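Report on the structure given below.
What follows is calculated from the coordinates using simple rules that are stated; it is not laboratory data. All figures in this text were calculated on a predicted structure; none of them were measured in a lab. Because the Cβ atoms are built from the backbone with ideal geometry, glycine has one as well, and the counts that use them run over all protein chains shown.
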Amino acid sequence: MVAGTRRLAMIVAAALLGLAGLWAVGDRPPRLPADGDHGVEQSELSCLSCHGVSGRAPRPPTHPPRDDCYSCHRDAGGRLHPRRNAPTELPGGWREMRRRDEAR
Ligand code: HEC
Ligand code: HEC
């Protein structure tokens with residue numbers, strides 16, 4: 001009985017360690033840089049003017065297919081600013097980016 005409990009505790013500990021490892025190496029959304037271009041009062045369309053399909057800093061093709069930036073990217077201080085009913089698809093956003101990448 002005591003041995004069984006110990007084995008269970010070890011399995012739980014191993015599982016927790018594994019999860020912590022996944023969290024550490026997995027792709028997490030980077031925070032917004034703390035510069036004038038990254039104020040959280042701007043619209044997602046304004047983000048896409050630089051990070052959209054024809055912007056000067058387009059997102060990589062591996063980026064998650066969503067355009068509701070504030071649901072994932074925290075500000076430089078680590079705070080999330082989610083928008084109610086933010087659209088997950090916008091003009092110049094991920095869908096157009098994917099189309100362009102496929103046309104290549
Ligand atoms: C005027 C152009 C411009 C606008 C507007 C802009 N960005 Fe950026 N952004 C950049 C550039 C250039 C970089 C890369 C250089 C840097 O890290 O500052 C960048 C970097 C980032 C990064 C990566 C940070 C990192 O550590 O890798 C994220 C995330 C990001 N922007 C999200 C956003 C979001 C969300 C918005 C809207 C709130 C936005 N950006 C608005 C130009 C812009
Ligand atoms: C579902 C969550 C999610 C949403 C919504 C989201 N992102 Fe990201 N973003 C991520 C993750 C995760 C990464 C890191 C993995 C990667 O770079 O592919 C990332 C990376 C980035 C980067 C850095 C790319 C690089 O070259 O390192 C930029 C810039 C960025 N996002 C901008 C945006 C903008 C702008 C929006 C809104 C139009 C947005 N993201 C919406 C999750 C999200």
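Excluding ARG83 itself, calculate the net charge of residues whose Cβ lies under 13 Å from the Cβ of ARG83, where each Lys or Arg counts +1 and each Asp or Glu counts -1. Don't jump to the answer; show the numbers that get you there.
Values: positive: ARG66, ARG84; negative: GLU41, GLU44, ASP67, ASP68.
Charge balance in the 13 Å sphere: -2.
For ARG74 and ALA20, FRET efficiency with R0 = 25 Å and r from the beta-carbon atoms, rounded to 0.05?
Values: r = 20 Å, r/R0 = 0.80.
Once the sixth-power term is evaluated, E becomes 0.80.
Modelling each spin label as a point 7 Å along the Cα-to-Cβ direction, I'd like the ARG28/HIS63 distance in nm, to one decimal.
So the two model labels end up 2.0 nm from each other.
Magnitude of the Cβ-charge dipole of the chain, K/R +1 and D/E -1, about the Cα centre, nearest 20 debye? Could you put the intermediate results ahead of the total?
Working: 16 positive and 12 negative charges, 91 e Å.
I would put it at about 440 debye.
Add -39500 (n - 2.57) for each DSSP H run of 4 or more in the chain, then divide by its residues: what number comes out at 222 nm, to the nearest 500 deg cm²/dmol? Each step should come with its number before you reach the end.
Working: 3 runs with 42 residues, N = 104.
The per-residue figure over the chain is -13000 deg cm²/dmol.
Taking the radius of gyration and the Kirkwood hydrodynamic radius from Cα positions alone, what is the Rg/Rh ratio for the chain, to two decimal places? Please list the in-between numbers first.
Numbers: Rg = 19.7 Å, Rh = 16.4 Å.
Expressed as Rg/Rh, it is 1.20.
Expressed as an acute angle from 0 to 90° and rounded to the nearest 10, what is the orientation of the C-alpha long axis of helix 2-25 relative to the principal long axis of the chain?
Here the helix axis deviates by roughly 20 degrees.
Choose one of TRP23, PRO61, GLN42: the residue whose Cα lies farthest towards the positive end of the charge dipole of the chain (beta-carbon charges +1 Lys, Arg; -1 Asp, Glu; about the Cα centre).
TRP23
By average Cβ neighbour count within 10 Å, what is the ranking of 51-57, 82-88, 65-71 from highest down? Walk me through the intermediate numbers first.
Details: 51-57: 14.4, 82-88: 10.3, 65-71: 17.7.
Final packing ranking: 65-71, 51-57, 82-88.
Using the Cβ atoms and a cut-off under 10 Å, what net charge is assigned to the surroundings of TYR70, where Lys and Arg are +1 and Asp and Glu are -1? Don't skip to the answer; put the middle values down first.
Values: positive: ARG74, ARG83; negative: GLU44, ASP68, ASP75.
Neighbourhood net charge equals -1.
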